[in-house]
Amino acid sequence: MNGYAAFLKKELTENMKNYRFLILFAVFLIFGLASPFLAKFMPEILSAVAADMQMGSAPVALDAWEQFYKNISGVGFSAFIILFGSCMSSEYSKGTLVLLVTKGLPRRAVIFAKYTVAAILMTACYWAGFIATYCYTAYLWPGTMLSHVFTAAFYLWLIGFLYLSILLLGCVIFKQTFTSILFTGGIVAVISLLGIVDPLARFNPFLLTSKNVDLISGAASVSEFLMPTVISIAITIIGLWFATILFDGKQL
Amino acid sequence: MDALLEMLPLLIPILVLDAVLAVVAALHVLRHPHYRFGNKAFWLVVVVVFLLIGPITYFVIGRGEEQ
Amino acid sequence: MNVLTIQGLSKAFGGQKIIDNLNMTVPEGSVFGFIGQNGAGKTTTMKMVLGLLRPNQGEIIVCNEPVHFGQTKTNQYIGYLPDVPEFYDYMTPIRYLALCGEIIGLSKAETYQRGEELLSLVGLGNVKKTIGGFSRGMKQRLGIAQALLTRPKLLICDEPTSALDPVGRKEILDILRKISSTTTVLFSTHILSDVERICDHAALLNQGKIVVGGTLSEIKALHGHESLLLEFPTDDALHTFKSQEAIQPLLDTAEANGKEIILHSQEMEKVQHTVFHVLAETALCPIKIEIMEPSLESLFLEVIK
């Protein structure tokens, strides 16, 4: 427990000092603010630039959330994975863990502390982005009532935990930052491809990132999310468990 | 056009965030004159001109080892 | 009592035996020099002692407790300084020691007090800058400080002086000597003068085995032979000396070097009798006569031949 708490503190300071948190917080906040903004004004900007553009129907609050989910699950989480891709490789390449592990820092404390800090920062960034979109949407489309706004956001948040678990596993296996990121990208791609296959789609965690807007619009129901949620949490835990096991046998 | 004018105040927080990132990155460029590639002038231009993308690029791939 | 006992230790990497049935004991209170060429397996052995590498065979006992791979229980007795210690660049030395203290489970006050004490011991007492700006020697000294934080019974240093300039080397050796009154020190090196300077015990590792081991005086007495150096004023004088019949049997193992000749033998007294006899007979006057102590270097070269 000593080791976990000490390493947790070290990780938090490190992520402040190397600007990771600042950058990610700014990225999520910017996209949180920009999503409703783009949804509202993109048609106007386009028509101003190209006069003969066909104007579609007037944008609604749902469009803002569509932008939010597109941007956060795409750009936001990608930025997160890229920035955290070096979380183990920097320790491996310099050999900074050797001294601490030989001092009695349990190896799994390293993994759990790294995951905890990444999850805390992800949570802070994600909900900051959410609040930004929520406020701007409320301001731009006053009086619009949408259901399940929080629930839909909750599911994408869960996917964040899954991505981080896969990323950490990749980081433990591979010594290079780039390979770890590639591994994470590959697994995520496989999961989303499996989402297309019909019998699997109903259980696939990918549903948690693809049907959020449907949930708000009423095209999807909360019950559809139950199985993917359970499976997503299961994979998250298994990934983390694998990471600790593999890390135990890793030469530092 | 009214709508475009209406949106300007809403843009301010986004621009402020972009500016904060640019300033933080620019200060880092000036205080840590070691880069993985490129030189001081190059990175200053990158972080100031390319909003959002510039500072991120700098912190992810441009920054050198801590001195 | 022995702080460290290694019995029948073997380790192979991809079919190539690096450590082959190694036996070694480090007695408490000693400064133990672990000598070997680059690539002889010194680091491998140390990493197995620390539980960072899995041995193929053999047993390692630290303070009466066996070492298991991946476990850190025996590491509470050991302070470890790797050959190139690496820290977190953004931390100050005292902050890094605080992190170590938290991991060990020391109280805040104790960590701080001990940290300051150790930093002044290694000469980093007033350094306020972050580790990123440290020289190699400073990192090495901080490495010693962090290794001593746990008050270890055994301090293991992997080539602590190899990467340093003469000044940095002297500083490290002085620190090691200073702490040897409270801690057993085991350090690996290929620099023999370092061993002669501060060690009382040594072991020589060659081809995965300890080929020579014991106290420094034992090693020298057992394996070294003494030498007699004679320096003559002219080449002619040396030539005359060498041409004497009584000298002939000694020339096989002798080394000539300019106007110098070095005679080696197990029986130095006999050699001296012969030499002085010859000198008296020929009326040759060497400008220097010296009995040379066996050096670790000559021993080392002889053993690995």
Can you give the Rg to Rh ratio of the stretch C:169-305, both from alpha-carbon atoms, with Rh computed by the Kirkwood formula? 1.09
If R0 = 22 Å, then B:LEU30 and A:MET16, at their Cβ-Cβ distance, give a FRET efficiency to the nearest 0.05 of 0.65
Using a Gaussian network model on chain C with a 10 Å cutoff between Cα atoms, which of C:ILE179, C:ILE289, C:ILE35 fluctuates the most? C:ILE289
Can you check how the C-alpha radius of gyration of the stretch C:1-133 compares to 2.2 N^0.38 Å, as a plain ratio? 1.24
Report the Stokes-Einstein translational diffusion coefficient (µm² s⁻¹, integer) for chain C, Rh taken as the Kirkwood radius over Cα pairs, at 20 °C with viscosity 1.002 mPa s. 98
Largest first, how would A:ILE159, A:ILE233 line up by accessible area (1.4 Å probe)? A:ILE233, A:ILE159
Specify which residue in the list A:PRO43, A:PHE84, A:LEU62 is farthest towards the positive end of the charge dipole of the stretch A:28-100, using unit charges on the beta carbon of Lys, Arg (+1) and Asp, Glu (-1), about the Cα centre. A:PHE84
Taking a ≥ b ≥ c as the square roots of the Cα gyration tensor eigenvalues, with a/c under 1.5 meaning rounded and otherwise prolate when a/b beats b/c, else oblate, which class fits the stretch B:14-62? prolate
Could you compute the FRET efficiency for B:PHE50 and A:MET42, with r as their C-beta to C-beta distance and R0 at 22 Å, rounded to 0.05? 0.55
Looking only at C:VAL212, C:VAL26, C:VAL275, which one moves most when chain C is put into a Gaussian network model with springs between Cα atoms under 10 Å? C:VAL275
If a helix is a whole DSSP H run, which ones in chain A reach 27 Å or further along their own axis (Cα) and hold a mean Kyte-Doolittle hydropathy of at least 1.6? A:20-49, A:149-173, A:226-248
Over the Cα atoms of chain A, what radius of gyration and what Dmax do you get, in Å? 20.1, 70
Using a basic spin-label model with each label point 7 Å from the Cα along Cα→Cβ, how many nm lie between C:ASP20 and C:ILE291? 3.8
Alpha carbons only, please: Rg and Dmax for the stretch A:97-236, in angstrom. 18.1, 61
Evaluate the distance, in nm, between pseudo-label points positioned 7 Å from the Cα of A:ALA219 and of C:SER10 along their respective Cα→Cβ axes. 6.8
Across 5 Å bins beginning at 0, the whole-percent shares of Cα-Cα pair distances in the stretch C:240-305 come to 3, 13, 26, 28, 16, 8, 5, 1, 0
Please give the FRET efficiency for C:SER162 paired with A:SER93, using the beta carbon to beta carbon distance and R0 = 30 Å, rounded to the nearest 0.05. 0.90
Put a dot 7 Å past each Cα toward the Cβ at C:GLN76 and A:TRP241; how far apart are the dots in nm? 3.0
For chain A, modelled as a Gaussian network with Cα springs under 10 Å, which listed residue fluctuates most, A:SER47, A:SER78, A:SER35? A:SER47
Partners for A:LYS17 among aspartates and glutamates (Cα-Cα distance below 12 Å; same-chain residues under 8 apart left out): B:GLU66, C:ASP89
Under 13 Å Cα to Cα from A:LYS211, which aspartates and glutamates show up? Leave out anything in the same chain fewer than 8 places away. A:GLU66, A:GLU224
Ordered by packing density, taken as the mean number of other Cβ atoms within 10 Å over each peptide's residues, highest first, how do A:98-104, C:13-19 rank? A:98-104, C:13-19
Cα-based reach from A:LYS70 at 17 Å (exclusive), listing aspartates and glutamates while leaving out same-chain residues under 8 positions away: A:ASP214
Cα-Cα pairs of the stretch C:78-222 separated by more than 27 Å (percent): 24
Please compute the Kirkwood hydrodynamic radius over the protein assembly as shown, one decimal place, Å, based on all pairs of different Cα atoms. 29.5
Determine the order of C:SER193, A:SER223, A:SER165 by accessible area, beginning with the largest, at a probe radius of 1.4 Å. A:SER223, C:SER193, A:SER165
Per DSSP H run of n ≥ 4, the term is -39500 (n - 2.57); total these for chain A, divide by its residue number, and report the mean residue ellipticity at 222 nm rounded to 500 deg cm²/dmol. -24500 deg cm²/dmol
Semi-axes of the equivalent ellipsoid for the stretch A:163-252, Cα gyration tensor, largest first, Å: 30, 13, 10
List every DSSP H helix in chain C whose Cα atoms extend 15 Å or more along the helix's own long axis and whose mean Kyte-Doolittle hydropathy is at least 0.5. C:93-104
What's the angle, to the nearest 10 degrees (0 to 90), between helix B:2-31's Cα axis and the longest principal axis of chain B? 10
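The values are calculated or read from the model by the stated rules, or taken from the named source; none is laboratory data. Worth saying up front: this structure is predicted, and the values here are computed from it rather than measured. Note: ideal-geometry Cβ built from the backbone for every residue, glycine included; neighbour counts use all protein chains shown. The protein model used for the area step is the full one, side chains on, heavy atoms only, and it has no ligands, DNA or RNA in it. Shrake-Rupley method; radii C 1.70, N 1.55, O 1.52, S 1.80 Å.
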